[in-house]
Amino acid sequence: MNLFLQNAYTSTCEATIHSLTEIDGFTAITLNDTIFFPAGGGQLDDKGFINDYEVTQLKKKDNVVHHFIRLPNQLKLGDIVTCKIDFNRRFDLMQQHTGQHILSQCIFRVLHAETLSFQMKEETSTIQIALTDISDLAAALMEAENLANQIITDNLPITILNIPIQDSLHYNLRKEPLTQHIDEKGQIRIAKIADFEVIPCGGTHCTTTLEVGLIKITDIKKQKDKITIDFLCGQRALKDYQVKSDLLKSITALFNTNLAEVEQRIKKQLLELETLKGNLVQKNKELLSYKAQYAMNSSLALGDDTQLVNQAFNDLTLNDLKLIAKTMIQNQGYIVLLTNNNDFIIAKSPNLALDIQAIFTKISRLLAIKGGGDTNMIQGSTTHLSEFTQQFVQELSNITASSH
């Protein structure tokens with residue numbers, strides 16, 4: 001018997017082993033009674049022990065729960081064992097699942113949107129609702145959230161009923177029962193929250209709405225034809241509030257202000273940072289322009305109309321090197337080789353017929369070089385910068401010599 005369907009607050013029981021099957025280093029056990037809820041209907045599974053053996057996984061097949069424990073173990077067919085679940089986890093899952101029913105009904109009442117799916121996770125829970133044409137979605141969901149917490153405060157009773165399928169028409173179910181909700185007797189299990197919410201469900205629930213404690217929506221994402229909503233209930237919501245409250249206290253202390261003014265203070269700081277960033281970018285461009293001119297003044301003539309700039313700037317980034325190279329090749333007749341500690345830039349003025357890609361390809365076959373580019377600029381990196389520089393200058397010398 002699945003005792004979790006009878007009383008979700010039962011945390012221990014004795015049971016008799018009906019079967020044991022060894023599967024990939026585990027023993028799959030079935031019992032005549034169990035308090036272990038297997039994952040299903042969006043709800044996570046229980047954790048716990050059979051005697052002193054940890055239950056690592058639960059699977060439900062043909063309404064029978066299979067409990068997996070690691071091999072080796074001393075359990076035998078017919079043994080009477082003690083089952084114990086982690087009730088803190090069970091109660092947390094009860095809060096999340098009951099809270100989901102409350103929130104979904106509130107969303108239905110406020111937004112007229114059906115809940116399409118529910119997924120409980122270890123850190124948060126998620127529902128997906130049908131996309132609505134409400135203009136202010138955030139405000140509507142806040143109204144639904146406020147209503148949900150009012151339902152919690154109202155301390156409404158929650159009852160679990162097993163009713164004949166034909167009687168379901170009398171209960172105004174929010175959703176039609178699925179096949180898995182109907183047992184071998186033709187009955188369905190429903191969770192009823194006073195006259196507020198009635199829905200087929202096979203999960204574990206609180207006995208009153210007050211036990212849910214709190215419901216808080218934490219994230220909203222719009223997708224193609226649906227809306228994904230993350231939420232927390234009970235202790236999860238309280239812990240989330242505590243973490244965020246402590247964070248806000250730290251932020252207000254950091255900015256030496258109060259909660260009411262901290263947002264404006266942060267916006268002001270960000271605006272000042274953007275201004276400073278813009279000024280820094282401009283000053284950097286001016287500095288790079290001076291460095292480009294300095295390097296061009298130190299260029300080596302390769303012919304009447306061609307200059308080679310071979311310069312190392314170990315204090316500059318690859319992006320800085322690119323900006324300098326672009327400045328240089330705006331002038332006619334320049335071949336540029338710029339390096340820092342690991343990176344290089346090869347560039348040429350567009351008026352030159354030199355094939356720098358062919359030169360790069362030839363050298364890269366000899367040395368461990370990564371890079372690429374176009375006909376006027378190539379960038380890359382290598383641990384052999386000195387050899388690469390020498391090879392490049394040598395190739396240029398060979399080309400220059402052969403052209404005279």
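Every number in this text was worked out from the coordinates using simple rules, so none of it is lab data. Owing to the predicted nature of the structure, the values given are computational and were not obtained by experimental measurement. Every residue, glycine among them, receives a Cβ derived from its backbone with ideal geometry; neighbour counts consider all protein chains shown.
A compact table of results
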quantity	calculated
Cα-based equivalent ellipsoid of the range 3-85: semi-axis lengths in Å, sorted from largest, via gyration tensor	19, 14, 12
Highest-fluctuation residue, L147, L323, L271 considered, GNM on the chain with Cα pairs under 10 Å	L323
Positive-end residue of Q187, L156, Q100, charge dipole of the range 95-215 with Cβ unit charges	Q187
Dipole magnitude (debye, nearest 20) for the chain, charges at Cβ of Lys, Arg, Asp, Glu	600 debye
Förster radius 51 Å - calculated FRET efficiency between S135 and E184, Cβ distance, rounded to 0.05	0.55
Cross-link table K239/K268; K192/K244; K322/K370, entries beyond 22 Å C-alpha to C-alpha	K239/K268; K192/K244
Gaussian network model of the chain, springs between alpha carbon atoms under 10 Å - residue of P72, P157, P38 with greatest fluctuation	P72
Farthest toward positive dipole pole in the range 263-364 [+1 Lys/Arg, -1 Asp/Glu at C-beta], among Q307, N351, Q330	Q330
Principal axis dimensions, largest first and in whole angstrom, of the range 70-196 by Cα	62, 38, 29
Simple spin-label estimate for E395 and D225 in nanometres, 7 Å along Cα-Cβ	5.6 nm
Cβ crowding within 10 Å averaged over residues, with 57-63, 90-96 ranked highest first	90-96, 57-63
Unit charges on C-beta of K, R, D, E only; dipole of the range 101-258, Debye	260 debye
Net +/- balance of residues flanking I165 in space, Cβ distance below 13 Å, scoring K and R +1, D and E -1	-2
Dipole magnitude of the range 289-402 about its Cα centre (Cβ charges: Lys, Arg +1; Asp, Glu -1), debye to nearest 20	180 debye
Contour excess over end-to-end distance, with Cα ends at T317 and T208 and 0.36 nm allotted per residue	32.9 nm
Residues L396, L156 arranged by fewest to most Cβ contacts within 10 Å	L156, L396
Counted charge near T82, where neighbours are those whose Cβ lies closer than 11 Å (Asp, Glu -1; Lys, Arg +1)	-2
Ellipticity estimate at 222 nm from DSSP helix runs (n ≥ 4, -39,500 (n - 2.57)) divided over the chain, nearest 500	-12000 deg cm²/dmol
Solution diffusion estimate, µm²/s, Stokes-Einstein, the chain, Kirkwood Rh from C-alpha pairs, 4 °C, viscosity 1.567 mPa s	46 µm²/s
Separation of alpha-carbon centers, the range 206-252 and the range 55-100, rounded to whole Å	28 Å
Separation of the K244 and D304 label points, Cα + 7 Å toward Cβ, nm	7.6 nm
At least 18 Å along the helix axis (C-alpha) and Kyte average at least 0.5, DSSP helices within the chain	137-153
Dipole-positive endmost among T132, V110, L214 within the range 90-251 (Cβ charges, Cα centre)	L214
Sum of side-chain charges, V65 neighbourhood, beta-carbon under 13 Å (Lys, Arg +1; Asp, Glu -1)	-1
K121 paired with K285, simple spin-label distance in nm, labels 7 Å along Cα-to-beta-carbon	4.2 nm
